[in-house]
1. At a Cα cut-off below 15 Å, give the aspartates and glutamates reachable from K203, other chains included and same-chain residues fewer than 8 away excluded.
2. Give K162/K200; K165/K324; K174/K200; K136/K165 a once-over and call out the pairs whose C-alpha atoms are over 24 Å from each other.
3. For K89, give me every one of the lysines with a C-alpha distance below 22 angstrom, ignoring sequence neighbours fewer than eight places off in its own chain.
4. If each of Y318 and S28 carries a label point 7 Å out from its Cα toward its Cβ, how far apart are those two points in nm?
5. Write out the cysteines belonging to the chain for which the nearest other cysteine Cβ is not under 4.7 Å, or none if no such cysteine exists.
6. Calculated FRET efficiency, W35 and K132, Cβ-Cβ r, R0 35 Å, to nearest 0.05?
7. Report the FRET efficiency, 1/(1 + (r/R0)^6), for S237 and A160, where r is their Cβ-Cβ distance and R0 is 25 Å, rounded to 0.05.
8. Identify, among N60, Y202, G145, the residue whose Cα sits farthest towards the positive end of the charge dipole of the chain, taking +1 on the Cβ of Lys and Arg and -1 on the Cβ of Asp and Glu, with the dipole about the Cα centre.
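Where a number appears in this text, it was derived from the coordinates with a stated rule and is not lab data. Please read all numbers here as calculations on a predicted model, not as lab measurements. Glycine also receives a Cβ, built like all others from the backbone with ideal geometry; neighbour counts cover every protein chain displayed.
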Amino acid sequence: MRILIFIYIILILSSQLSLSNELNAKQSRILNEYWLCDSENYLCQLEKMNMFINEIDINNEYFIVANEVYFETLMVHGSNSEIKSKQKKIDDFINNNQIPIGGRVYVASLYAWKLYSIKELINYRKSIDLFKFCIKNKSNDIALGQAYYGMGWIYDEGRAVKEDKIKALEYYLKAAEMGEEYAYKNISRLYLIGSRDIKKDYKKTLRYLKLSNIQSTTFLDLSLIDILLEKKRLPNSTRELEEWYINYFDKNKIYKNQINHDLFIDLAILYMHEKNYLNSYKYHLLNIELNSENNASTNSINNIEFIKENLNKNSINYTNLNLKKYSSAFIK
C-alpha cells in the first residue's frame, strides 16, 4: 500500500542525522505516539498525524509525506462526517502552490472520488474539476490512473453528466494504460453487454477480462472467463448472465469462501446501467452481506443510497426480507 511506502520514507528520514529540519522533542514524541497506534486504530493514526502536521512547517522534509499519509488514511478509513469536517483543510492543501504538485494531485484524486460517490459529500462539479486537475498536471501516475478511471465512470454512469459510453471507454482505456486494474474490468463490461454506441464483442470481452486478471492485486476471477469459453457467446442480457453465474456455482460446488464477491458488484452495476434498480439493489445488498470484511463492500454501501432513490419502500423492504433466499443461490 501507498501508506506503507510513506511510512518507510518517514522511517528513512527519521534515521538521517543530516536533516536540515531535525525534529524537536515535541515533534519526535508525537511521531513516536503515531507509531504506537494500533494498525487498525485509524482514529488514533489520524489524530496523531494531524498533531504532527500542526507542529511542522511547510518547508520541513516531513510536511508533504505526512500530509499524504494523513489524507489517504482519512479518505480510506475516515467517516463521512470526519471527511466533511476536514474539507477546508483538504482544499487548502490541494490549492497551496507552495506544495509540490505531485502530492496535491494525489490527494485531489482521492478527494474527487469522495465528492462523487458519497451522498453526504456530493459535489459533482468539484469532483469533475479535481479529476481534470489531476489529468492536466500528469505529475503522479497513481493519481492520473485514478482520474482517468473516475472520468470514465462518470460518463459511464451518467449521473453527473449525460451518459456517454464512447467517452467512458476512451477514459477507461487511458486508465488501463496507467495500470488501473479496475479499468480493464469495466472495458470488458462495456463489450459484454454492449450499448447504442458500443457493439458487443466476444473477443474483446475475453481479452479485457484476462488483462483484468493479470493486473489484479487481490483475487483472480476466472469464473466469467470459464463461462464464456464454455458458452462460446456473450449473454443476451444481464438476466441471462445472472443465470449463467448461478448454474456455474451450482455445477462446480463453489462455496462462500471460494466466491470472488466482485461478481455481485458486477451484476449490480450491469443491472444499474439497464435501469433495473431493484436487481441492482439486491446485488449490492448481497455484496454488503457476504463481503462485509472486504473494502469492496464500501462500493455497494455508497451506491445503494443512490439506487434507493429509484425504488419504493415496499420493494426495498421485500428485498431486505428475502436476502437469505437470494444468497442461497450462490452459497451451498
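1. Straight-line reach from K203, under 15 Å: D226, E230.
2. Pairs exceeding 24 Å: K165/K324.
3. K48, K114, K119, K126, K132
4. 6.8
5. Unpaired cysteines in the chain: C134.
6. For W35 and K132, the calculated efficiency is 0.40.
7. 0.40
8. Y202
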